[in-house]
Amino acid sequence: MTSTAVETPYLDRFRLSERRALVTGGGRGIGLAVCQALAEAGASVILTDRDAELAQNAAAGLRSRGLDVTAQPLDVTDQAAVEAMAGQVGALDILVNNAGIARSNIPAEKMNDDEWSSVIDINLNGLFWCCRSFGKRMLDQGNGCIVNVGSMSGYIVNRPQEQAQYNASKAAVHQLTKSLAAEWAPRGVRVNAVAPTYIETEMNAYVYEDENLMRHWIGGTPQGRMGRTDEVASVILFLASDAASLMTGSIVLADGGYTCW
C-alpha cells in the first residue's frame, strides 16, 4: 500500500465553518461549553434549553463574544415540540444531545415511578426523540453528525450514591448510539458519544464538603480531580468535526482514568 498526499490540512479538519449545529440543554454546564466550542470553531449554533430565559441569557453571553449563537426553548421530552423544532430549523450538520438530569441517593427498592421515569424520559427518551427527528433530516440530505452525552456511569456502578435509573439511562444511551451508528453509517450520518466523569459545576460543589464523596469520587480517580466542562466540550468538538470522520459508534471515555480502577 502506498501513501497518498493529504489534501485537507489537518488543522482545517477541526474547523466547522458553514456548519449548522443544535445543542440540547445548552443553558449551562457542559451544554453551554459545547455551544461555545462549536461556535468558536465556526459553526452557527442553536442553543436550546427547556428554560427559555436561561437559554436566551446564555446565548446573549456568547453573542457578546462575537459568536454566532441563537436560542430556542425546547423540552426534549415533548415529542411534538422536538419534531416541530426539527421542521422549523431544517437540515442540521451537527446535533449534540446534552440535555439530561441525575437523581441520586435513591435506593432502588425505595424508588417511586416518577423518580424512575423522570430520568429515563429526559436522558433516554428525549435523546431518542431528538435523534429521530433531526436524524431523519440528516439522512435525507445524506450527511450529518450526532454526538450524545453518555456517562462513565454507563460502564460502572457509582458509589456511594444509589442511582440505578441514571446508570441504566446512560448505559442505554451508549447502546442506542451504537445501534444508530450501525443503521445510519451507510447513509452518511455518524453517531458517537462521550462518557464523562464527575464534572466540576455549581451543582457538584458540595462534594468538597463531604469526606465520603471525596474519598470515592476524587480518591477513585487516578487524576485526583473532577473534570471541567471545557474538557468535555473539547472531546465533543473533535467528534463533531471532520477530524473524527472515521469514527462512528464510538463511546469516548473522558473520565480522568476513573474506570481504570
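The values are calculated or read from the model by the stated rules, or taken from the named source; none is laboratory data. Here the structure is a predicted model, which means the values were calculated and not measured. Every residue, glycine as well, gets a Cβ built from its backbone with ideal geometry; the counts of neighbours run over all protein chains shown.
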Considering each residue of segment 10-34, count those that are farther than 18 Å from G144 by Cβ and either in a helix (DSSP H, G or I) or at pLDDT below 95 (or both), and give that number. 8
May I ask you to verify whether T77 is without any contact (Cβ under 8 Å) to a residue 60 or more places away in the chain, β-branched (V, I, T) and assigned to a strand (DSSP E or B)? no
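Within segment 155-205, work out how many residues are in a helix (DSSP H, G or I), of a type in the set (A, V, I, L, M, F, W, C) and farther than 19 Å from R225 by Cβ.
Initially, segment 155-205 is screened for residues in a helix (DSSP H, G or I), giving 164-187, 202-205.
Imposing the further condition that a residue be of a type in the set (A, V, I, L, M, F, W, C) reduces the set to 164, 168, 171-173, 176, 180-182, 184-185, 203, 205.
If we keep only those that are farther than 19 Å from R225 by Cβ too, we end up with 164, 168, 171-173, 176, 180-182, 184-185.
Qualifying residue count for the region: 11.
Kindly indicate which of N112, N143, N105, N148 is under 21 Å from A55 (Cα atoms) and not aliphatic (A, V, I, L, M).
N148
Filter segment 189-239 for residues that are small (G, A, S) and at pLDDT 90 or above and give the result. Reasoning before the result, please.
Initially, segment 189-239 is screened for residues small (G, A, S), giving 193, 195, 205, 219-220, 224, 227, 233-234.
If the condition is that a residue be small (G, A, S) and at pLDDT 90 or above, then A193, A195, G219, G220, G224, G227, A233, S234 are the ones that fit.
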Criterion first (among the polar types (S, T, N, Q) and more than 16 Å from the chain's Cα centre (by Cα)) does N123 satisfy it? no
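Inside segment 231-249, can you point out the residues that are outside any helix (DSSP H, G or I) and either surrounded by fewer than 17 Cβ atoms within 10 Å (Cβ to Cβ) or on the phi > 0 side of the Ramachandran plot (or both)?
Residues satisfying the conditions are S245, L246, M247, G249.
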For T70, indicate whether it is in a strand (DSSP E or B), hydroxyl-bearing (S, T, Y) and more than 17 Å from V149 (Cα to Cα). yes
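For segment 35-50, give me the residue count where each residue is closer than 19 Å to A86 by Cβ and within 16 Å of the chain's Cα centre (by Cα).
Number satisfying all stated conditions: 8.
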Please determine whether any residue of segment 219-230 is part of a helix (DSSP H, G or I), touching a residue at least 12 places away in the same chain (Cβ under 8 Å) and either surrounded by fewer than 17 Cβ atoms within 10 Å (Cβ to Cβ) or not aromatic (F, W, Y) (or both). yes
Cβ-Cβ under 8 Å, sequence separation 6+ or interchain: first residue in segment 139-161 and among the aromatic types (F, W, Y), partner part of a strand (DSSP E or B). Which pairs? Y155/A195; Y155/L253
Every pair of residues 6+ apart whose Cβ atoms lie under 9 Å, when the first sits in segment 99-115 and is over 24 Å from V149 (Cβ atoms) while the second is surrounded by 13 or more Cβ atoms within 10 Å (Cβ to Cβ) and not acidic (D, E): P107/A164; N112/I106
I'm told L95 meets every condition in (1) over 21 Å from N148 (Cβ atoms); (2) out of contact with any Lys or Arg (no Cβ under 9 Å at 6 or more places or on another chain); (3) not in a helix (DSSP H, G or I) except one. Can you identify the failing condition by its number? (1)
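Considering I146, I101, which residue is β-branched (V, I, T) and in a loop (DSSP other than H, G, I, E, B)?
Within the list I146, I101, the selection yields I101.
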Could you tell me whether segment 185-206 includes any residue that is more than 22 Å from V45 (Cβ to Cβ), polar (S, T, N, Q) and buried (at least 22 other Cβ atoms within 10 Å of the Cβ)? yes
List the number of the failed condition for Q175; all other conditions in (1) surrounded by 19 or more Cβ atoms within 10 Å (Cβ to Cβ); (2) without any contact (Cβ under 8 Å) to a residue 60 or more places away in the chain hold. (1)
Within the bounds of segment 151-160, is there any residue that is at pLDDT 95 or above, of a type in the set (F, W, Y) and under 19 Å from the mean Cα position of the chain (by Cα)? yes
